[in-house]
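The values are calculated or read from the model by the stated rules, or taken from the named source; none is laboratory data. Please read all numbers here as calculations on a predicted model, not as lab measurements. Don't worry about glycine lacking a Cβ; one is built from the backbone with ideal geometry, like all the others, and counts go over all protein chains shown.
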Amino acid sequence: MGIRERLSGNEAAAIAMKQINPDVVAAFPITPSTEIPQYFSTFVNNGQVDTEFVAVESEHSAMSACIGAQSAGARAMTATSANGLSLMWEMIYIASSLRLPIVMSLVNRAVSGPLNIHNDHSDAMGVRDAGWIMLFSENNQEAYDNLLMAHRIAEHKDVQLPLMVCQDGFITSHSIENIELLEDDKVKKFVGTYKPEHYLLNDKEPIAVGPLDLQSYLFEHKTQQAVAMRNAKKVIAEVSAEFEKLTGRKYEFFEKYKMEDAELVVVCMNSTAGTTKAAIDNLRNQGIKAGLLKIRMFRPFPAEEVSEVLKNAKAIAVLDKADSLNAAGGALFEDVTSGMFVSNIHVPTVNYVYGIGGRDTTVKDIEKVYKDLEVIANSGYLGNPYRYLGLRGNF
């Protein structure tokens, strides 16, 4: 039986880090993730962990320190948001190209400019192709659980890639919810000890980290990263199954909510899934066959599996909490529709960009999406597939 608690998402992330007890944590404060290293630093000060906490001068330095620590053979973690992740951008790519299983808690926030400290997914979408595994979390419990699974996934011999666990800034990071924690000893046993095969401080095997990589080898090395990302799907499924046996909490690549007979389907990520579930319950009482596909594993993207689940729908709406500014839909929409096209599945699908800069998205907003889908399903007319939800004015 787990430990019942009431925690914010940031507290839950910090406690997960405490229970993991990494060798090194390097971090720089930025809203709304500041509390994670703040809470963790108290654990260090109180002697509850033996982690080396590195208070750096910037987020670029935070990721650089994690890269140095992980290269030396240590288990390293960090946390950031928005502009902090942007400042890490160079090192984000270096971490993945060096195949370093660093784990980051990313508290999603709008990237400047103009300056905004509230939630959307523009930070995560900015690095979606940087070679990091990306897990999204609807609530505080999922953020905690995903972090407990993160090292087992990232450090697997067939993966060896960094991993970020995403949660919505302020919406979950600062909201207190009931949560069930694992006992410290169970976490320690589940996560295990980090035993890298190759590392800089191994005097029996001198190696170089980050050398010049020219035409003769870079293509193959980038392909190795791609293969590792494909391997991560199997490892994520295996670790999630083991976690279910330990806790009773089941996590798959995505969650299907009332999808058994769903005709009108919304696809989304993170906290909006909770709002969508409430809308679905209302619509089901009206006889409308609404359903939800909540993406948990965004990288690697489960294109084939998503397409299989969506193939019987009559109309689909993909919700993106970031605009790709490409005049052709958001990142999640692109991945979903690309996967369906490759699988030769053709269902009318529209994209809604929503929630930019923390704009509130209500149950009524989501119900409007389903009503739009009902019109599409009944008329067969798609109209403009690139839409906005909750936007003021005419654009």
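From the list ILE36, ILE94, ILE117, the lone residue that is under 30 Å from PRO206 (Cα atoms) and not charged (D, E, K, R) is ILE94. Among the residues of region 21-66, those that are surrounded by fewer than 24 Cβ atoms within 10 Å (Cβ to Cβ) and of a type in the set (A, V, I, L, M) comprise VAL24, ILE30, VAL44, VAL49, VAL54, ALA55, VAL56, ALA65. With the structure loaded, tell me whether ALA72 is over 30 Å from LYS245 (Cα atoms), at pLDDT 95 or above, in contact with a Leu (Cβ under 6 Å, 6 or more places away or on another chain) and surrounded by fewer than 18 Cβ atoms within 10 Å (Cβ to Cβ) or whether it fails that test. Yes; evaluated as a whole, the condition is true for this residue.
Table: residues versus (1) of a type outside the set (A, V, I, L, M, F, W, C); (2) more than 24 Å from PHE341 (Cβ to Cβ).
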position	(1), (2)
VAL267	no, no
THR275	yes, yes
ARG284	yes, yes
ILE288	no, yes
ARG299	yes, no
GLU304	yes, no
SER307	yes, no
VAL318	no, no
ALA322	no, no
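Considering only residues that are hydroxyl-bearing (Ser, Thr, Tyr) and more than 14 Å from GLN286 (Cβ to Cβ), look in region 356-383 and name the one that is surrounded by the most Cβ atoms within 10 Å (Cβ to Cβ).
If we take residues in region 356-383 being hydroxyl-bearing (Ser, Thr, Tyr) and more than 14 Å from GLN286 (Cβ to Cβ), then THR361 is surrounded by the most Cβ atoms within 10 Å (Cβ to Cβ).
Scanning region 238-277 for residues that are without any contact (Cβ under 8 Å) to a residue 40 or more places away in the chain and under 25 Å from ALA313 (Cβ atoms) yields LYS250, TYR257, LYS258, GLU260, ASP261, LYS277.
Criterion first (hydroxyl-bearing (Ser, Thr, Tyr) and within 29 Å of GLY113 (Cβ to Cβ)) does TYR370 satisfy it? It is false that TYR370 is hydroxyl-bearing (Ser, Thr, Tyr) and within 29 Å of GLY113 (Cβ to Cβ).
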